[in-house]
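The values are calculated or read from the model by the stated rules, or taken from the named source; none is laboratory data. On a predicted model such as this, the values are computed, not experimentally measured, just so you know. Reconstructed Cβ throughout: ideal geometry from the backbone, glycine too, with neighbour counts over all protein chains shown.
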């Protein structure tokens, strides 16, 4: 692979050859004419050709610079896209690892909690049955409904945790707008009392 652009090289080569050819033509024409009469004309012609050639080379250099800049931008855009994709993959991997870790911790902590809760609820239900059998029907029913409500609430909470729902997602909290009452300042209050008579 060439260390330079072949098309750019050809453009510059053509420009140099044109300048050399025009210079040779000017020199040959200058030898065949009287320089005392046409010397200023040859000088101005030479300066005009040099300026046009400089503009030509400048435009070619600007085009080459723009191409290099666009290639660099494309390379940076590709690199930035690679970095973004890599960051997204790492983020997804980290989220997956944290979910697995939380799931393992939850599974490790739940058997002991389930056993304790079951024992408490079973004891409350047993106490309710014993109280009912000993003729305290109202107190027994109250104990049984309390134990049933606690069991139902615990089951609902366990289901929410298993499905990944938060506490507020099943029963969203409704916010009520707050009404504000503004009291007029003391100067306005006395002016309003003078203007409006008592409504009594």
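Tabulated values for the structure
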read-out	value
Neighbours by Cβ (under 8 Å, 6+ apart or cross-chain): first from the range 16-30, at positive phi and surrounded by 11 or more Cβ atoms within 10 Å (Cβ to Cβ); second assigned to a helix (DSSP H, G or I) and at pLDDT 85 or above	none
Qualifying residue in the range 13-30 (condition: farther than 22 Å from residue 65 by Cβ, modelled with pLDDT under 85 and not in a helix (DSSP H, G or I))	no
Lone qualifier among 38, 33 - being at pLDDT 80 or above, surrounded by 12 or more Cβ atoms within 10 Å (Cβ to Cβ) and over 56 Å from the mean Cα position of the chain (by Cα)	33
Criterion: at pLDDT 75 or above and over 42 Å from the mean Cα position of the chain (by Cα) - qualifying residue of 122, 155, 140	122
Test: residue in the range 56-64 that is surrounded by fewer than 12 Cβ atoms within 10 Å (Cβ to Cβ) and more than 29 Å from residue 15 (Cβ to Cβ)	no
